[in-house]
Amino acid sequence: MLKTFTKWFSGLLICLIVAIIGYFLWFKHGVNFIYGAHTKVVDHSIFATSVKYTVIKDVNILSPDGQSMLPNRTVVLDEQKILSVTAEGETIGRSIPSSATVINGRGKYMIPGLVDSHAHLLKSPNDLLLYVANGVTHIRDLGGPPERLELREEIEQGRIGPKMFVASPPIDSMGRLEGAFWEIITFHKNTISVEHAKSRVREFAEQGYDAIKIYHLDMPSYRAVNEVAAELGLPTTGHFPLTMELSELAITQQKEVAHIEEIIRVLIREFGSINERGSAEFFAHVEARSDAIIDDLLANEISVNTVLWFMESVTEQYNDLETALKVIPIEYANPGIVEGTQDSDEFKVGWLPGYNQFEPEHGASEEERKKSLIFWQARGKAHHILLKAMARRGVTLLAGTDSGGNLVVPGFSMHDELSSLQSAGLSNAQALAAATINPAKLMGSNAGAIDTGKRADLLLLNKNPLINIKHTQEIDTVILNGRVLDRDKLDAMLAAVKQANEKSRKLNIDRYL
């Protein structure tokens, strides 16, 4: 009897273990799909381009201070750098080899390559081509697994793609079981104590990450992570602890805020219910608090990622998701990320109706919808108020898009962000600086300006972006670390990604095209 029971129990236990393993494998497969891992990957090698001695003649260039266009310049490139920039009538100072590529720049405008300072590649390598085709020559992946470091090295060795700055996997503070599950389904890494948090930072430093990404840490771990990172010479970027007060900005060692939303979220917590107290009073609260916040940002040299267009889009997704989907180039976004999953109304991941976390809850009353819309609209305007104050007082702003987020199409979103920054009150020159020289200085990348000795990451535009910021979309040529990619090659990249997406798609999106 006992032997029979033991056999029965052992068999049941084995079945249970197999079922649990099977469940986790199934769940992980679904997560990888959501991250875009199941989409057909474009053969990037067909776009390989050699570095050549290149001369761009008679072109208008953005001045090193970013304030004006300098006419009739000749820009010479070799060995992935700018060899010289000369005005009309000045001698280049060296003979041009007969094998040089010569580009007529008459009537065109050269600016530095763009930097998306808040990107998420997830498991979507085709996005690298979308960035390049849209003139984004450098991305800052704020939270990447170890394989992202390998991809960074591949690009350094010549793979077509933007130069990559890679922050560590996001660090959280959770319980053991919750944290273990979170690690399985995301790139995040959990910590269970202050010492554990410190060890995570040292581990990431040894692996070669460019920065430490903070997510939802408790306050003691938050301070410890920043302290150890500072000792190791690594910047920290990311979110605030959920309980953090803005007074912490006066003493924090965090060097970058991942999006203005982090500050707005705390201001909302300070203020209380926007619906109960009113939007006007909330805006007055934001304005009243702005100077003290900015004083601390400036004193501690903390830079701020803008991520403005995404926040504006959240309001549009809530208000009219169908229309919001029709105004983005959805056909280029990774189908896995777009299609996502819907396990319940409480857990929705994806961009489409029924899958989108920002659309109104099923069965929400008209009154509930109205209150939510007031909240999202007030939140969006608060971003504008704080952003304009930051720009006026000289906070280092970084144009980031949070690509990979809902409706944020990699590469294309950089131009959306620049337009939003201009609409929010930044000058065209300030918007361009946030996407070029500001992040370049922050990273020490030797790019971000058109000057002798700078890295040859450049865009040749058909129209002047200082007159209209939307002209950054008028790309004739991308020069990526000295490699010239003309319009035909850029269009071929876009076409290849679109075709791969079409072959991988499970849900029909024709009504949004």
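Each 5 Å bin, from zero up to the one with the longest distance, holds this percent of the alpha carbon pairs of the range 340-450: 2, 10, 15, 17, 18, 13, 11, 9, 5, 2, 1. Relative contact order of the range 386-492, taken over Cα pairs closer than 8 Å and 6 or more residues apart, is 19 percent. Dipole of the chain computed with +1 at Lys/Arg Cβ and -1 at Asp/Glu Cβ about the Cα centre; of L480, N428, L442, farthest Cα towards the positive end is L480.
Among I330, I450, I374, the order by Cβ neighbours within 10 angstrom, fewest to most, reads I374, I330, I450. In summary, the convex hull built on the alpha carbon positions of the range 109-154 has an orientation-averaged projected area of 3.5 nm².
Bridge orientation summary for the range 71-191: considering DSSP beta bridges with both residues in this region, about 35 percent are antiparallel.
Among beta bridges from DSSP that stay inside the range 31-135, the antiparallel ones total about 65%.
Computed over every Cα-Cα pair of the range 372-421 and binned at 5 Å starting from 0, the pair-distance distribution P(r) comes out as 4, 18, 20, 23, 22, 11, 1 percent. Sorting R200, R277 by the number of Cβ atoms found within 10 Å of their own Cβ, with the fewest placed first, yields R277, R200. The mean sequence separation of alpha-carbon pairs under 8 Å and at least six residues apart, normalised by the residue count of the range 395-440, gives a relative contact order of 47 percent. Taken about its Cα centre, the chain carries a charge dipole of roughly 980 debye when the Cβ of each Lys and Arg holds +1 and the Cβ of each Asp and Glu holds -1. Once the cut-off is 21 Å, how many percent of the Cα-Cα pairs in the range 111-190 end up in the long-distance tail? That fraction is 33 percent. Rounded to the nearest whole angstrom, the semi-axes of the ellipsoid equivalent to the range 367-513, taken from the Cα gyration tensor as √(5λ), stand at 29, 26, 13, largest first. Ratio of Rg to Rh for the range 136-241: 1.00 [Cα atoms; Kirkwood radius as inverse mean 1/r over pairs]. Of all alpha-carbon pairs in the range 45-194, indicate the percentage at a distance above 22 angstrom. Value for the range 45-194: 57 percent of Cα pairs lie more than 22 Å apart.
Fewest neighbouring Cβ atoms within 10 Å first, the residues V349, V338 line up as V349, V338. Below 8 Å, C-alpha to C-alpha, sequence gap of six or more: please give me the relative contact order for the range 234-376 in percent. In percent, rounded to a whole number, it is 21.
For the range 276-386, the alpha carbon positions stretch 44, 35, 25 Å along the principal axes, listed from largest to smallest.
Listed by number, the DSSP H helices of the chain that run 27 Å or longer by alpha-carbon position along their axis and have mean Kyte hydropathy of at least -0.5 are 2-34, 279-299. Counting only DSSP beta bridges whose two residues both lie in the chain, roughly 50 percent are antiparallel.
Per-residue ellipticity at 222 nm from helix content only, as computed over the chain with -39500 (n - 2.57) for each DSSP H run of at least four residues, stands at -14000 deg cm²/dmol. If you wrap the chain in the convex hull of its Cα atoms and look at it from every side, the mean projected area works out to 28.7 nm². Annotation: peptides 498-504, 434-440, 131-137, 261-267, ranked by per-residue average of other Cβ atoms within 10 Å with the highest first, follow the order 131-137, 434-440, 261-267, 498-504.
Every number in this text was worked out from the coordinates using simple rules, so none of it is lab data. This structure is a prediction, so every number in the text was calculated from the model and none was measured. Note that each Cβ is placed from the backbone with ideal geometry, even for glycine, and that neighbours are counted across all protein chains shown.
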